[in-house]
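See structure below.
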Amino acid sequence: MSNSNNFFNGSLSEDWWKSAVFYQIYPRSFCDSNNDGIGDLRGVINKLDHLNDGNGGGLGIDAIWLSPFFPSPQADFGYDVSDYCDIDSDYGTLDDFDKLVFEAHKRKIRVVLDLVLNHSSDQHDWFKESRVDRTNSKADWYVWANPKPNGEPPNNWLAVFGGAAWTYEPLREQYYLHNFLAEQPDLNWYNSEVREALAEVVRFWMNRGVDGFRLDTANYYAYDRQLRDNPKRPAGSHPLEDGQEANPLSGYITKYSKDRPENIEFIHFLRKIFDEKENFTSIGEIGSSEGLEETLKLGADYVRHGDGLHMAYTFAMLSKEMNAEYFGHVVGFTEQMIEDGWPCWSLSNHDCTRMVTRFNCFAEREGFQQMMLLLLLSLRGTPIIYYGEEVDMEEYPITKEELRDPQGIRFWPDIKGRDGCRLPFPWDSAAPNQGFNTGKKPWLPAKNSLSLDQAQAYPESSYHVIKEMLKIRKTNPALQKGKFRQILLEGDCFVFERKTKDQTLLIAANFSTENHSIKLPLKVEENLTPQALKHSGSIKNERLSLPACGYFLGKV
């Protein structure tokens, strides 16, 4: 079993996660060590030095969030767990995991696991027993309900992946709830035995040396026990994300199937378990379809007052919309709502279109991408970088023949699914499969336009910009824990301040493709902008000049 803290030499503070930079790894796509076409834990170990070698080398990442690698039938690529306390053979063994924790800690990298506690796989032993009859020891471990008199499902709830959120089980003559795939039955959090079983899962991995958890769909644990119908959304009452019109779920206000008030109580239960281990952290995925401000309010509810999640990120920055006004509103409203909580920011993940493709980057794709990454690393809160952003990984235009994602398979061609953001990491332009492996064809095409070796050879690449910015962040306390204050929002430009007792920093960004000149209310004494950044702002005659998609960081 891993000794989790020895390598940190006393540097592991209670709130280390506030100054840390996280990096999300999708293990299936990171590195394939045994050439079977699927990335694995040994592949992650082999590439840890890319993130941080513990001696000042690598990007300078402080923590990794690993998407699920537990035993699973892979109906949703690991988000359908059939055994919470083991490793799927596709990814390795528990010994491999222990080795990963050991090697990560040796490099001063903390390890955060993705826990799926809202639902299990239908192949989990718990569900196999639960579905047999209404009297077994696990009969109430999942959400079961009687049919309507006409045999239809108990209510109108719909699943995220399409169709009714209920599937009929003839053995029990009842329906079970699944907010996602039918192969992902929802656990019954109202059952104390279920909560205690999940607490033991948490303790199992805490005892193996992990430093935190990312909680999948953390606002879905509770449901309306009266099973009331979700109300229909008034026509035209809510702007839809691209592709949502293909999913009937977007036509309903999901006030009864998720986001219940008692969900916070379940999070409080988990927080008490997390607090059993020193220096532990948690990140919740909080998704709402009720508009931007409701989403941000909901996320804030989960992190205030120190008894809920340590951090939560919403989908606000994962939208297609991005400009100075939108960015400023998201950040400002979050600061307003979060009170004593701590923000968490992500611009991409395994469920959304790659950032460089998703945002309207005009003719300045690389510049816009780098500006957004630098803003991510400048905000008050903990940033999460998605694997491949350092090499500007693009959304791959998946074909129907290449599809692996059940969401894409179900809704094709209206929704193409999430495969396009999960391609293998491109390590080497000259190697087979861009260095992901040297054997079997990868599970998804290895086809990114830029590989790591090429990015490292290009002085102004996103790789060098991020690496330099992480060094700047580590040596400037105001970037880690300083307060946030908006200074001005002027057209396409957003300017804000990060401030501690001893340091004040000014950050500015230009979201347009035109040059801008801004009269600043503060005098900048030193330019700290990463030198690798081509689209860098500069001060002249007390005015800030920002090029197209430009960024500036200065000490006041």
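Read-outs throughout are calculated quantities, based only on the coordinates presented, and are distinct from any laboratory measurement. What you see is a predicted model; the values in this text were computed from it and never measured. Note: ideal-geometry Cβ built from the backbone for every residue, glycine included; neighbour counts use all protein chains shown.
Test of understanding: what is the full-extension gain from ASN146 to TYR326, defined as 0.36 nm times their sequence separation minus their Cα-Cα distance?
Full-extension gain reported as 60.3 nm.
Contact order normalised by length for the chain, with contacts defined as Cα pairs under 8 Å and 6 or more residues apart; what percent is it?
12
Run the dipole for the stretch 242-384 about the Cα centre, Lys and Arg Cβ at +1, Asp and Glu Cβ at -1, nothing else charged, and hand back the magnitude in debye, nearest 20.
260
Roughly how far apart, in whole Å, are the Cα centres of the stretch 186-223 and the stretch 92-143?
Each part's Cα centre sits 9 Å from the other's.
Rounded to the nearest 5, what % of DSSP beta bridges with both residues in the stretch 482-555 are antiparallel?
Bridges in the stretch 482-555 are about 95 percent antiparallel.
Between THR135 and ASP502, what FRET efficiency follows from the Cβ-Cβ distance if R0 is 60 Å, with the result rounded to 0.05?
The value I calculate is 0.35.
Quick check on packing: order 144-150, 319-325 by the mean number of other C-beta atoms within 10 Å, highest mean leading.
319-325, 144-150
Taking Cα pairs under 8 Å and at least six residues apart, what relative contact order does the stretch 482-555 come out at, in percent?
31 percent.
Taking only pairs that are 8 or more places apart or on different chains, how many Lys pairs in the stretch 482-555 have Cα atoms under 18 angstrom apart?
So the count works out to 12.
In whole angstrom, how far apart do the alpha carbon centroids of the stretch 501-556 and the stretch 359-435 sit?
28
Please figure out what share of the DSSP beta bridges in the chain is antiparallel and state it in percent, rounded to the nearest 5.
Among the beta bridges of the chain, antiparallel pairing accounts for roughly 60 percent.
Which value, in debye to the nearest 20, describes the size of the charge dipole of the stretch 482-555 about its Cα centre when Lys and Arg Cβ atoms bear +1, Asp and Glu Cβ atoms bear -1, and nothing else is charged?
Rounded to the nearest 20 debye, it is 240 debye.
What distance in nm separates the two pseudo spin-label positions at GLU542 and ASP428, each 7 Å out from Cα along the beta-carbon direction?
Between GLU542 and ASP428, the label points sit 5.7 nm apart.
When you count, for each residue, the other Cβ atoms within 10 Å and take the mean per peptide, how do 199-209, 465-475, 23-33 rank with the highest first?
23-33, 465-475, 199-209
Take the alpha-carbon positions of the chain, form their convex hull, and give its projected area averaged over all directions (one quarter of the hull surface) in nm².
The number I arrive at for the chain is 25.0 nm².
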